[in-house]
Amino acid sequence: MKALWSGIFKRDLALAFRQRSELAQPLMFLLMVVTLFPLGVGPGPATLQKIGPGVIWIAAILSSLLAMDRMFRDDFWDGSMEQYLLSGQSVWAISAVKVLVHWLVSFVPLLILSPLLALFLNLTVQMYTALMLTLLLGTPLLSLVGAIAVGLTVGLQRGGVLLALLLIPVFIPLLIFATSAVDAAALQLPYRAHLAIIGAMLLAAMAAAPMAIAYALKVSQN
Amino acid sequence: MQFDSWQAFWHMGGYAFYVWASFGVTFLAMGLIVLNSMMTHKKLLKEVAQEAARQQRIATAKQATKQNLTGEEV
Amino acid sequence: MWKWLHPYAKPERAYQLCSTLQPYFFWPAVLCILVGSVWGLAFAPQDYQQGDSFRIIYIHVPSAILSMSTYVAMAVAALVGIVWQWRTAFMAMIAMAPVGAVVTFIALFTGAAWGKPMWGTWWVWDARLTSELILLFLYLGVMSLYGAFEDKQQAGKAAGVMALVGVVNVPIIHYSVEWWNTLHQGATISKFDKPSIAPEMLWPLLIALLGFALFIAAVTVMRMKNEIIRREYHRPWVKEMVQSAKETNHAV
Amino acid sequence: MAGLTAHTLTCVKRDRVLFADLSFTLPAGSLTYLRGPNGAGKTSLLRLLTGLSLPDQGEILFNDAPIAECLPQFHASLTYIGHKPGLNSALSAIENLQYWCAQHSIGFSLDTAYKVLTILGLVGLEDIPIRMLSAGQQRRVALARLWLKSADVWILDEPFTALDVNGIKLLETHMRSHVEQGGTVITTSHQALSEVAGPVTLLDLEYRI
């Protein structure tokens with residue numbers, strides 16, 4: 001436990017803090033993509049409100065794909081990964097901690113940024129609440145499932161586009177449930193069921209993903 | 001036979017294009033993947049044969065140098 | 001209980017098995033598909049609503065059903081490979097991917113061609129078509145991941161993990177898309193107890209379904225043979241086999 | 001002390017057989033020098049020995065038990081230094097070593113770390129980011145692990161790369177004292193080991209086509 005805490009958690013946080021600009025870039029990308037939509041489809045408040053939740057979620061998925069491979073890439077190429085695997089700690093626990101740090105440093109800032117996005121796209125308060133809740137439940141799922149694909153592609157020289165190809169279809173159900181939760185909120189309908197489904201997917205991923213990530217990392221070492 | 005004539009059959013009640021396009025594309029796609037698998041099989045067999053020939057050449061070359069060396073010693 | 005299966009985990013035995021099975025899959029597949037198509041096209045009665053356009057059902061429904069099941073079969077092979085570390089299981093998995101993708105493509109194309117006369121447009125974001133499209137993406141993802149690795153051993157394992165991630169998602173995708181769009185015609189075949197289509201229409205459909213399944217199996221064993229040779233070409237038995245094949249060819 | 005035994009190892013990489021039916025023992029208190037031309041599979045063999053990758057056939061025994069069954073114990077008494085240094089370029093030498101020790105559950109004190117870095121001739125470079133260091137200096141930081149962790153088995157892949165004459169001598173001396181205390185060392189190197197390293201067992205790999 002202590003090994004994971006001070007060897008991985010603190011290390012990754014310190015590293016993330018040191019590479020702040022790299023972390024800020026996907027967020028800037030997100031902000032810019034969201035800005036493009038009013039310019040592209042017209043600034044009518046009703047239109048924006050209609051497409052808003054979808055736009056925010058799609059932008060969040062795309063921007064997360066850009067930064068996803070940070071999770072293991074450096075560690076793989078500089079050999080730190082080999083040392084993790086030989087540290088005597090279980091690989092799934094290491095992966096789980098790394099995913100947690102990744103979520104903290106790349107999605108928590110997004111959550112903080114989300115009121116601004118909601119303002120840009122003219123979302124109502126109810127819609128924003130729903131959006132916030134779906135982001136809170138959905139983004140850890142992005143990190144967990146994304147980490148499996150990152151683990152698989154980390155050894156490839158040009159894995160970037162491939163990563164997106166692998167992950168986008170897998171994220172579609174999340175997108176559907178999350179945006180329809182916000183849509184339901186817009187119509188003043190209950191959306192607890194949507195949240196429950198996203199929560200169930202998150203729990204399933206929490207149970208299964210660390211094993212899959214560990215396996216993927218071992219495969220990439222071969 | 002549900003159709004009165006061959007003409008009616010080909011006409012497919014006005015849906016000829018969609019029906020025949022569907023069946024055509026299906027059989028084409030199926031044929032292509034079978035063809036592709038067969039071509040790959042042939043290519044692989046050829047490659048294996050080439051590889052075997054290469055091994056043979058290397059073995060003969062090694063044999064030759066060995067014989068040369070022993071020949072000099074004698 | 002499963003001991004008898006183990007010899008087939010050896011590539012050499014697996015290759016022989018594939019060679020034996022290939023004709024038994026291929027020719028019945030051709031026969032069934034021909035019978036199903038001819039029966040469906042010429043002898044099955046017309047649908048009173050959709051006229052003759054419904055005859056596309058004889059390829060659309062089998063391909064739609066089997067595109068999903070092929071993906072599941074692929075994931076089962078991947079699971080076997082990962083859990084029992086059978087190399088041949090990964091080979092079987094990767095042999096299924098292209099044929100699965102082709103069948104998915106067929107389902108998509110025929111769905112669109114059926115949709116045009118029915119809905120008046122080639123593409124509708126209907127639940128079945130949408131989930132077929134996503135399924136095609138999943139197939140392509142597995143195939144491109146496999147292709148990206150130079151070491152095919154590693155590639156098989158990586159693609160296997162991705163197939164498993166995908167198969168967990170297939171039902172979620174299916175139901176989420178269905179729920180997202182309820183404009184859909186409802187599956188007609190699984191309602192055996194209260195058939196919504198006449199038996200004269202159903203029989204050719206079942207024959208075509210069997211034909212498609214056999215076709216997928218036939219292409220899978222063909223491609224699996226290729227995969228085995230590709231990975232085992234340095235083993236003596238492959239060389240011997242090629243040699244003897246050549247000799248018989250010369251004899252002919 | 002411990003020994004490492006390889007039993008009929010076969011390794012296939014990219015569909016090429018690197019070696020087949022390879023058996024050998026690395027007894028306690030021995031230094032083994034693994035030789036072979038490029039592409040013979042030296043790195044692959046060392047990675048098999050660490051348990052990072054799995055052999056196609058055969059097994060590796062640590063204290064007569066297959067390593068797959070005693071992985072935590074085995075890894076607790078193993079130090080592996082690979083081709084890649086395993087240092088994050090944005091962190092300093094001290095930070096890298098500190099986190100590494102934490103991961104491997106080794107007690108860490110700043111004093112010891114500074115002392116080890118002094119032995120390795122890195123005075124004044126302890127807390128600047130690794131990317132500012134030269135290749136040889138980075139290699140020395142990576143090698144500091146051999147001083148920090150008291151492991152029985154050392155598996156070293158080209159540890160002398162980029163080291164200067166003094167660095168090589170320093171490492172060879174350290175290897176010798178480790179062997180004299182009953183440790184096991186296996187290493188690859190492009191140049192032959194000097195007599196500083198003490199008695200050496202040779203293990204040769206051939207390039208197979």
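The values are calculated or read from the model by the stated rules, or taken from the named source; none is laboratory data. Predicted model only: the values in this text are computed from it and were never measured. Here the Cβ positions follow ideal geometry from the backbone for every residue, glycine too, while neighbour counts run over all protein chains shown.
If you check B:ILE58 against the conditions, is it of a type outside the set (Asp, Glu), within 7 Å of chain C (Cβ to nearest Cβ) and either assigned to a helix (DSSP H, G or I) or surrounded by fewer than 16 Cβ atoms within 10 Å (Cβ to Cβ) (or both)?
no
Scan A:THR35, A:THR47 and give me the residue that is touching a residue at least 40 places away in the same chain (Cβ under 8 Å) and of a type in the set (S, T, N, Q). Even if it seems obvious, please write down each step before you answer.
Numbers: A:THR47 fails: touching a residue at least 40 places away in the same chain (Cβ under 8 Å).
Residue meeting the stated conditions: A:THR35.
Is it the case that C:LEU140 is closer than 28 Å to C:TRP123 by Cα, modelled with pLDDT under 90 and among the aliphatic types (A, V, I, L, M)?
Numbers: closer than 28 Å to C:TRP123 by Cα: yes; modelled with pLDDT under 90: no; among the aliphatic types (A, V, I, L, M): yes.
No; evaluated as a whole, the condition is false for this residue.
Output the number of residues of the range D:52-88 satisfying the condition of being farther than 28 Å from C:ARG87 by Cα, in contact with a Lys or Arg (Cβ under 7 Å, 6 or more places away or on another chain) and within 8 Å of another protein chain (Cβ to nearest Cβ).
So the answer is 1.
All but one of (1) within 18 Å of the chain's Cα centre (by Cα); (2) more than 7 Å from chain A (Cβ to nearest Cβ); (3) at pLDDT 85 or above hold for C:ALA155; state the number of the condition that does not hold.
Every listed condition holds for C:ALA155 apart from (1).
Give the residues of the range A:85-102 that are surrounded by fewer than 23 Cβ atoms within 10 Å (Cβ to Cβ) and outside any loop (DSSP other than H, G, I, E, B), sorted by residue number.
Residues of the range A:85-102 that are surrounded by fewer than 23 Cβ atoms within 10 Å (Cβ to Cβ), as a first pass: A:85, A:88-93, A:96-97, A:100-101.
A:LEU85, A:VAL91, A:TRP92, A:ALA93, A:ALA96, A:VAL97, A:LEU100, A:VAL101, listed by residue number.
Being farther than 28 Å from C:LEU202 by Cβ, within 12 Å of chain B (Cβ to nearest Cβ) and of a type in the set (A, V, I, L, M, F, W, C) is the requirement here; does C:ALA97 meet it?
Judged against the criteria, C:ALA97 is a match.
Is the range A:185-193 home to any residue that is within 12 Å of chain C (Cβ to nearest Cβ), touching a residue at least 12 places away in the same chain (Cβ under 8 Å) and part of a helix (DSSP H, G or I)?
Looking for residues that are within 12 Å of chain C (Cβ to nearest Cβ), touching a residue at least 12 places away in the same chain (Cβ under 8 Å) and part of a helix (DSSP H, G or I), one finds none in the range A:185-193, hence no.
Can C:PHE137 be described as more than 14 Å from chain B (Cβ to nearest Cβ), of a type in the set (Phe, Trp, Tyr), in a helix (DSSP H, G or I) and surrounded by fewer than 24 Cβ atoms within 10 Å (Cβ to Cβ)?
Yes; evaluated as a whole, the condition is true for this residue.
For residues in the range B:1-17 being surrounded by 14 or more Cβ atoms within 10 Å (Cβ to Cβ) and more than 7 Å from every other protein chain (Cβ to nearest Cβ), which is modelled with the lowest pLDDT?
The extreme case among them is B:HIS11.
State all residues of the range C:6-47 that are of a type in the set (Phe, Trp, Tyr), within 10 Å of another protein chain (Cβ to nearest Cβ) and either closer than 30 Å to C:LYS239 by Cα or under 22 Å from the mean Cα position of the chain (by Cα) (or both); if no residue qualifies, say none.
C:PHE26
Can you tell me how many residues within the range C:47-60 are in contact with a helix residue (DSSP H, G or I) (Cβ under 6 Å, 6 or more places away or on another chain) and not β-branched (Val, Ile, Thr)?
7
Looking at C:PRO98, C:PRO28, can you tell me which residue is in contact (Cβ under 8 Å) with a residue 24 or more places away in the chain, in a helix (DSSP H, G or I) and either within 30 Å of C:LYS157 (Cβ to Cβ) or of a type in the set (Asp, Glu) (or both)?
C:PRO98
For the structure I just gave you, tell me whether D:LEU91 is within 11 Å of chain A (Cβ to nearest Cβ) and farther than 30 Å from D:VAL12 by Cβ.
For D:LEU91, the condition - within 11 Å of chain A (Cβ to nearest Cβ) and farther than 30 Å from D:VAL12 by Cβ - is met.
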